[in-house]
Structures are given as C-alpha cells and as structure tokens.
1. Taking L257 as the residue in question, decide whether it is under 30 Å from R121 (Cα atoms), in a loop (DSSP other than H, G, I, E, B) and not small (G, A, S).
2. Exactly one of these conditions fails for L589: (1) more than 33 Å from the chain's Cα centre (by Cα); (2) at pLDDT 80 or above; (3) within 25 Å of V677 (Cα to Cα). Give me its number.
3. Residues in segment 391-445 that are on the phi > 0 side of the Ramachandran plot and free of Cβ contacts under 8 Å to residues at least 60 places away in the same chain: how many?
4. So T254 passes all but one of these: (1) more than 30 Å from E167 (Cβ to Cβ); (2) under 41 Å from the mean Cα position of the chain (by Cα). Which condition number does it fail?
5. Answer yes or no as to whether R227 is over 27 Å from A116 (Cβ atoms), free of Cβ contacts under 8 Å to residues at least 60 places away in the same chain, outside the structural domain of V409 (by TED's automatic domain parsing) and not in a helix (DSSP H, G or I).
6. Quick check on segment 466-495: of everything there that is surrounded by fewer than 18 Cβ atoms within 10 Å (Cβ to Cβ) and under 26 Å from the mean Cα position of the chain (by Cα), which residue is modelled with the highest pLDDT?
7. Given R162, R130, R157, which one is modelled with pLDDT of 80 or more, surrounded by 13 or more Cβ atoms within 10 Å (Cβ to Cβ) and not assigned by TED's automatic domain parsing to the domain that holds I207?
8. Which number in (1) in the same structural domain as G366 (by TED's automatic domain parsing); (2) buried (at least 19 other Cβ atoms within 10 Å of the Cβ); (3) of a type in the set (V, I, T) marks the one condition that T279 misses?
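The values are calculated or read from the model by the stated rules, or taken from the named source; none is laboratory data. What you see is a predicted model; the values in this text were computed from it and never measured. Cβ placement follows ideal geometry from the backbone for every residue including glycine, while neighbour counts extend to all protein chains displayed.
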Amino acid sequence: MRPSLHTAPLVLIVDDDEGARLLAEITLTGAGFRTVQACDGKEALEVFQSGAPDIVLLDVNMPGMDGFETCRRLRKLATGATVPVLMLTGHEDVESIDRAYEAGATDFLTKATNRAIIAYRVRYMLRASRAVSELARSQRSLITAQRVARMGSWEWRADADRFFLSEEILHMFGLKPEEFSGTYADFMRYVHRDDHASVRAGLKAAIRGRQPYNLHHRVVMQDGSVRRVHAQAEIELGHNGRVARICGTVQDVTERLLAEDKIRRLAYYDSLTALPNRTMFREQLTRALAQSKRRGGMVAVMFVDLDNFKRINDTLGHSVGDQLLTAAAERIATCVRSGETVGRNIVDSLAGSDADSASPVASHVGRQGGDEFTLFLSGLAQPSDAARVAQRILAALERPFSLGRHEVVVGASIGIAVSPDAGDDTETLLRNADAAMYHAKELGRNNYQYYTHSMNAEALRKLSLETSLRKALEHGEFVLHYQPIVDVASGNIIGAEALVRWQHPTLGLVAPMDFIPLAEESGLIVPLSQWILDTACRQAADWQRDGLAPLRIAVNLSGAHLRQQALPQTVARVLQASGLEPRWLRLELSETMLMRDVGTTLPILHELRDMGVHLAVNDFGIGYASLIYLRRFSRLTLKIDRAFVLDLPGNQEVAAITLAVIAMARSLKLTLAAGGVETREQLEFLRQHGCDEYQGDLFTPALPAQAFSEFVARCSGAARAAERS
C-alpha cells in the first residue's frame, strides 16, 4: 500500500529544463512520492532549507550554478550532510561520474535511464538512507537485543547431536516446532541438495580450525519454494578443549541478492539482446588476454556491424529495428562452435570462477552498442581459425529476417584483430578490430577483413585530417576555384562551377575526395556547404558589379543541406545579402540525393524553382532518377557523368548509353551538360549529338577567382575582336 500524501517521502527535483522536471514529477508522483521543484542551483538551496526534502534529484548541466557546485553547497548545510542526492546527466564519461561523487552525490544516473528505473532507484536510495540512519542510531542496542533475544538463531550441540532452532528460524522455514526433530540430519533436510557439500565443508572447516563459520546457501521451504540465507556461527569449546557447541544466526537475504543480481544485470548486460554489454565484454576480454599470456595461444577479436541497419530502422521504425537486433544477436551467438561458451552467464564467472578453468577454446559475444556486436575467440592456434567463425556469421546474417509483417535482409561487415600481432591489450585489439571493420565496409560491405598495420596509419591520417578540418573554416583555409561552363554551339563562357579547395597549412592543397567524405561523416558538410554558397553568390555578384558579363554560378548541394526544410529560405537570404538575382544561381545535386526521400526533396526543389533558381542533376546516368519526377521541372539541367565522357567516343557501349541520355533529355526538353571533357574528340562527339553545355580541362582547369575573371575577360575580348574582323 502506498503511503498517504502527508507521509510520502518528499523529492526535490532540480533541473533547468521545465519538461524534464514535469516528466520527473509525473514519474515520481505516480510512484507514490511527493515532489517540489527548483529550476536552478540557487533556488534549489532555498527550497531545500525551507522544505526539508527526503531526497534530491539533481541535474548536472544548469546555467549559473551547475549540479556539481549545487551539491557541494548543499552538503555544507546543517541538514544537507546525509540527505541522498541522485545526480542526472546526459554524459556517460568517467570524469563526470568522478566529479559527481567528489561533489558529494550519493548516486549517479544518465538521463537516458528508463524513468521507472529512476523511481525504483529513488525508493531504493531512501530505503538505504533510512537503514543507514537507523543503524547509526541503534547499532549498539540492536547488537545487545539480538544477543539476548537470539533472533533467527540456531545452536548445535555436536556431542549429543541436538539441533535447536529459534522461533524466528522455524517461522522462516515455514515449520511448526513439532515438525522439526532437532537433529543435524533433520536440519540438513531443509538445506538445498546442491548446497549440502558446501554446508558440510564449511562446518567441518570451522570445527577443525576453531574459527567462525560464514556461508551463503539455499534452504527449501515446506511449500517447495527456495530462499537464500546467510548463515554465521561461532565455535564454543568445552573444558576439555573440544567443540561443545556451535551457535549461529541465519538471515534471509533472498530479496537483497535478487536486487543485487538485478543491478548486476543492468550494469553488465544489454537489456535488449541479453548479451554482455561493453563493460562486461571488456572485462572478459581482459581476463582472456591475461590467460593467453600465461598459457600461450591467440585471442581473436571481431567487430560485427550490421549493414543497412539504419535504413531499416528509419524506414520500418525502432520497434522493428529492435526485433532485428535481437534476432541478429541470436544468430551471431549460435555461430560459435559446439561446446564454446557464448558468455551469457559471465556474472557468475566474475563472482567466483577462475578464467584459467575455461575450455581451451572459448568464445564470448557482446553488444557494443547500436548495431555493433563484438566477439572474441581465445585459445586459437592460428589466425585463420577466426575466419571460419566470421564466415558462419556472414552466412547466418545473409538469410532473410522475418519480423512480424516485414521480411528484411541485412549483411554484416566484420573486422578481425588477432593478438599478439594486432595488439596485446583490450583497448588496442578493439580499436584495431573496429578499423578492420570499417575497411570491410569500404570494400563493399558483407565481408570480413583482418587488421593490418597500414589500416592504423590510414585511420590516424583520417583522424588528423578530421581534427584539422574542424578548424579549417574558422581559420579561413578553404578557397573556391571556378571552372567555366561553356556553350557547346558558340564556345562562349555562360557560367562557372564553384569548386572548393582546402589550403592546408602543412599539407598544402588537399583534394576534395580526401576531405569531403570526412566532412559528411563528421557533420561539418552543412557549415562548409553554407560557406560555399555564401562565397560563390557573393563572388558572382561582385563580378557583375565589376563589369563582367553575368554568368550563372553553379554550387553543389550536400545531401545534409538538401534535407533541411528551411533550405529555400536560406538560399533567399544568401541571394538577398549578396545582391545576386536568383536566375544567376544554379544548385546542383546528385541523382541519389534527388531520389533518397522524394516526399521531402521534391517540395523543397519546387520552392527553389519557383524562386527562379536553376537546378541541375549531377552525374546523371549512374543513379536511379525517375523520369516521372524529372519531367515536372523546368529550368533543369542534366549533367552526364564524367565516367561516361571519359570513354567517349571509342567505347561503343558508353556511346550508346550517352546517346540514350541525350535523346531522353531532348524528349523532356531539358538542358544537357557534360563534365570532365578533356579531348577534342569528346567535345566533337557531344557537339554532333546535341549536347548544350560542357566543362573540363580541355577548355581550362578550375581557376582562383581573380585568375578566372581575367580569363573570362580575355576570352570575351578575343570573341569581340573575332566578330569585328
């Protein structure tokens, strides 16, 4: 029965987020608590002094006085030294946890924790707090009372084999006094059969060593249920020096052990798949590596990442995604050889068993997080042994998954790192297996790759580039070069494509293919794309103001940029700020970007078109753009992929495809452009078959802004001179 509102514990909720406070209040009041709130540290201290809460729920990140400082000041208050403080944060790093405890927090949870668990933790902390307080006040009197009252006590007079149980133990066992015969054998009848040996051994050791007896074991109730007890006893010697009797106590610790087991499972197991989590897996791997150093043998660590999981999760929903992760975990776990340990009972091994007692070849599967799983095999004779398991995993994950009404197919990319060559410690092996997994993805996914030292060098190079990339924008290291867009029929320059270059302070000019993918992975592509759009529009407007004939400036859009609902408004602001008319801007996107999310993309593109902005589809011919959507657009340019242009005109198959693209563009009344034109033969082929525009090194490579304007001026002057002559 829940306590009334007048007697229910009072919880002070401190969070600057009103929504978070409301959610916490709903959860806690629903669990039977009273609540008061504070929106910052200063108010929290005032409410605490006036309201005397029983426990404080304290957010870490708050403006002004953060949670750490609030906790420190609260502990200095006269009534704040012993009140439980549960700190909540969105961080999971060890430093935040250490700071919380240093500030005086009683416990620490992340905000991602299930709300029901927070209520459970609050109740548990209050119970523990009350127990500690009561124990501090009455420890001496409790010890005396237990000794005098002999609560939960037993006594065995070994010489006469007389076993006495107190009334409390009889009640605990569900016995009536007449149902217990008073012998050691009768007592053992209620000890769980599997614990007989350990209880007898404990008693014998106590008797032989004349030492106290301390043991956990199970007892079987009259109704057949099983309880766990903690038994303690002391040996009393007779005048002849022999054991006269053994006196002890029994405590039912079933609930406590269940709670501890639940906490262990939350701490060491993944709640979705029931596999060991990252913490547990690393502890097991560390022990396996220590064993391999003593005994010899290799340890292979595998990183398994599900291919295309994000697409399935985003398309079918998180519920289906969770089902897929659970099913994939089961398949991975069954791929180990018969007789190998999969690692689902690792808590038990941590509680007592020795890693050295493991089988010669052992394996453990864990969930690293998201759609990533980890696996290690210990006791291998050679690195190739790991490949057999990897092949079984790939084969198992290739089979379709039936998830309710949906059937989905995924593959996996697996990285393998084998000790000692790929590392002899946990962190190094996991890092290198992860690098190998990413290499497997780069090679086309659905394969496995062993770690090589060159991967680490490449990973370090990418990490260094990414670090520099984050500073490049603010340091002004990016520059734009401009490549002329030329009218095929007249040979006149009619536009320019803005191409970004990175002038690295130590590496020199970094190719776009080396930093654009990194920008996309790190999320820097959006601010970079915004800078390109701003700079290109401003430059095009400046050229017009300087007297250069108006040229349409082409800017490539990133996928992340295109998915922003406010893109049309952003483009409008840029055009207004630069003074460039919309008709002189062309935004270019790939076929894949166009078709990725048609429901979102098409309204954005229609709005841009209605503003007067021109649009172009890059790399046309290698994607899957639908003609149904292309025919809806006016002022649309199709750019033939440079891969086709490269093989023109000699490759008959490529020529046939190019002619088909040209015919399609003509039928849809679209402008046709070609990129990467490098030879006169390529240009002549495009001219003969009706291509409208081209660009490429045949005319000129991309040029810096000043050089480009001078080049255009020379070309214009030459054209005028030719007309006069």
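1. Taking the combined requirement at face value, the residue does not satisfy it.
2. Here L589 clears every test but (1).
3. Count: 2.
4. (1)
5. no
6. Filtering first and then ranking leaves K471.
7. From the options R162, R130, R157, the qualifying one is R130.
8. For T279, the exception is condition (2).
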